[in-house]
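Trainee: The structure is given below, and queries will be raised subsequently.
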Amino acid sequence: MLAKRIIPCLDVTGGRVVKGVNFAGLRDAGDPVEIAARYNEQGADELTFLDITATSDGRDLILPIIEAVASQVFIPLTVGGGVRTVEDVRRLLNAGADKVSFNSAAIANPQVVHDAAAKYGSQCIVVAIDAKRRSAEEERRPGPDGQPLGPGWDVYSHGGRKNVGLDAVAWARRVAELGAGEILLTSMDRDGTQAGFDLALTRAVSDAVEVPVIASGGVGTLDHLVEGIRDGGADAVLAASIFHYGAYTIAQAKRRLAEAGIPVRL
Amino acid sequence: MGARETVAVVDYGMGNLRSVAQAVRQAALACESVEVVVTSSPQAVRDAHRVVLPGQGAMPDCMAELERSGLREAVLHAAATKPLLGVCVGMQMLLDHSEEGDTPGLGLIPGRVVRFRLEGQRQPDGSRYKVPQMGWNRVWRRLKPADGQQSETHPLWAGIADGSYFYFVHSYYALPAQAAHTAGVTDYGVRFASAVARDNLFATQFHPEKSAAQGLALYRNFLLWKP
């Protein structure tokens, strides 16, 4: 059977890898090519690059970084952040990305997910979902049936700044139907907190879709990775801080998963 | 220094060959005097000492583009005369026929290509099988005695541990007609041929260029292979 995957995530801006807490307070974590090569050596199964540059001028900076990483690192690379059009997908794939991740653009124009998957195949189209547990007030918002939505998670766009009024589980189902081949699911409540994945969110989305789900947001210990797969039902787990700052290596994480009986590539 | 040896990565217009070319170049660093060219020229494929035939996308499109680009004859010439490595759809094209779009292949390895039929089946951990198979899976380079055969280890597996993980992305797989042509097997709901070989031909369903050190080792073994 397929190995469960460990995916270090590199948030990139201004040509550097950075990391924040709850989508804010960035600090420098190093050179993207050096970090990518280190994770490759440690046995990472894939790498995800998120371009968190705010301006469209700055966004083109990710292309040479992807080219540089792809020339030295021979594992699958996913790139996201500011991806808007099918043409953006083409440019990133040509630069050496294996998969491209949509987020805000998919919310504004869901057809782009369909069009990109039709052109390049579902296997290279990822949709990233930033989800946050609804407040008591948001739970009273009427759902599709006119009844209050109740507990659950809302989808946010624009780097977590804007509640777009979509239920995260329903949105995951929708993008999978449109052709997304994978879902990168981030809990905004947990991101950067090191308190562990939002397992209820992960399980709800994993059970709702047929495509692989990558759990993200909140990893602080290796046992959190085990929980994301075993309890959350995730096919892959993504983490940044615990690897960037040397708390754990990928190899240590793999061993912990293997000890828990989870198939991993050692 | 001996004469330079050229390796042609065949570009018949089906997508991005960058990662294949980069991996072969990386592997070539360990070999003396190997030049890697990505080419759409039939003559360059004929002149090359070794040929890599990648493939991505749908088999009907790949076969049509191979024909349209005028590279089909050059690939057949290579298959008859020198080491040729097929990757992904580049492996599937070596067989007689694919049920994807009811497409005839190159007929270099007897057998056909079929789609995974895994609906309703569960993986050992209870999760559903997904198609395409996408991710890291193990490749067993020898057939197990229970299969009634004990094949020899192919030179392209040199230095690669049996059961190593390689990276797969595919919905269809090869069913070689002769067990002797299966060089590696992988389990995904069904046990399928994840690598095939005959004489100077070797081909993998997985992507060595995305399979980290093991994949580079396989490309290096191909560059050194003297069938």
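The values are calculated or read from the model by the stated rules, or taken from the named source; none is laboratory data. This is a predicted model, so every value here is computed, not measured. FYI the Cβ positions are ideal-geometry reconstructions off the backbone, even for glycines, and counts take in every protein chain you see. Note: areas computed on protein heavy atoms with side chains; ligands, DNA, RNA excluded. Shrake-Rupley method; radii C 1.70, N 1.55, O 1.52, S 1.80 Å.
Trainee: Given the structure, is B:G135 at positive phi, over 13 Å from the mean Cα position of the chain (by Cα) and more than 9 Å from chain A (Cβ to nearest Cβ)?
Mentor: no
Trainee: A further question follows. Using the structure shown, decide if B:Y165 is out of contact with any Leu (no Cβ under 7 Å at 6 or more places or on another chain) and either under 24 Å from A:D235 (Cα atoms) or modelled with pLDDT under 95 (or both).
Mentor: So B:Y165 fits the description; yes.
Conditions tested, residue by residue: (1) in contact with a Phe, Trp or Tyr (Cβ under 8 Å, 6 or more places away or on another chain); (2) at positive phi.
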| residue | (1), (2) |
| --- | --- |
| A:E177 | no, no |
| A:G181 | no, no |
| A:M188 | yes, no |
| A:D191 | yes, no |
| A:Q194 | no, yes |
| A:T202 | no, no |
| A:G220 | no, no |
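Trainee: Do we find that A:R38 is open to solvent by 60 Å² or more (accessible area, probe 1.4 Å), under 19 Å from the mean Cα position of the chain (by Cα) and either away from chain B (no Cβ under 11 Å) or modelled with pLDDT under 90 (or both) in this structure?
Mentor: no
Trainee: Considering region A:245-256 alone, what residues qualify as being away from chain B (no Cβ under 12 Å), in contact (Cβ under 8 Å) with a residue 24 or more places away in the chain and part of a helix (DSSP H, G or I)?
Mentor: Within region A:245-256, A:A251, A:Q252, A:A253, A:R256 qualify.
Per-residue answers, yes or no, for (1) touching a residue at least 60 places away in the same chain (Cβ under 8 Å); (2) among the hydroxyl-bearing types (S, T, Y); (3) open to solvent by 10 Å² or more (accessible area, probe 1.4 Å); (4) not in a strand (DSSP E or B):
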site	(1), (2), (3), (4)
B:G159	yes, no, yes, yes
B:D162	no, no, yes, yes
B:Y165	no, yes, yes, no
B:L175	yes, no, yes, no
B:G184	no, no, no, no
B:A203	yes, no, no, no
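Trainee: Okay, next question. Pairs only if they're at least six apart or on different chains, beta carbon under 9 angstrom, first in region B:45-61 and within 12 Å of B:H207 (Cα to Cα) and among the aliphatic types (A, V, I, L, M), second assigned to a strand (DSSP E or B) and open to solvent by 40 Å² or more (accessible area, probe 1.4 Å); list them, first residue then second.
Mentor: Once the first residue is within 12 Å of B:H207 (Cα to Cα) and among the aliphatic types (A, V, I, L, M) and sits in region B:45-61, no partner that is assigned to a strand (DSSP E or B) and open to solvent by 40 Å² or more (accessible area, probe 1.4 Å) comes close enough.
Trainee: Sort through A:I242, A:I262, A:I214 and tell me the only one that's part of a helix (DSSP H, G or I) and open to solvent by less than 60 Å² (accessible area, probe 1.4 Å).
Mentor: Just one listed residue meets the conditions, A:I242.
Trainee: Condition first: away from chain B (no Cβ under 14 Å) and in contact with a Lys or Arg (Cβ under 8 Å, 6 or more places away or on another chain). Now tell me which residues in region A:207-244 satisfy that.
Mentor: A:G217, A:G218, A:L222, A:D223, A:L225, A:A240, A:S241, A:H244, listed by residue number.
Trainee: Now for a different question. When region A:164-205 is examined, which residues are found to be of a type in the set (S, T, N, Q) and at pLDDT below 95?
Mentor: Correct list: A:T193, A:Q194.
Trainee: When you scan region B:40-52, how many residues do you find that are buried (at least 21 other Cβ atoms within 10 Å of the Cβ) and out of contact with any Phe, Trp or Tyr (no Cβ under 9 Å at 6 or more places or on another chain)?
Mentor: Qualifying residue count, region B:40-52: 3.
Trainee: Give me the residue from region A:194-211 that is of a type in the set (D, E, K, R) and assigned to a loop (DSSP other than H, G, I, E, B) and, out of that set, nearest to A:V100 (Cα to Cα).
Mentor: Checking each candidate, the answer is A:E210.
Trainee: Any residue at all in region A:131-151 that is under 30 Å from B:V20 (Cβ atoms), free of Cβ contacts under 8 Å to residues at least 60 places away in the same chain and touching a Leu at 6+ places or on another chain (Cβ under 8 Å)?
Mentor: no
Trainee: Quick check on my filter: what residues within region A:225-239 are in a helix (DSSP H, G or I) and crowded, with 24+ Cβ neighbours inside 10 Å?
Mentor: A:L225, A:G228, A:I229
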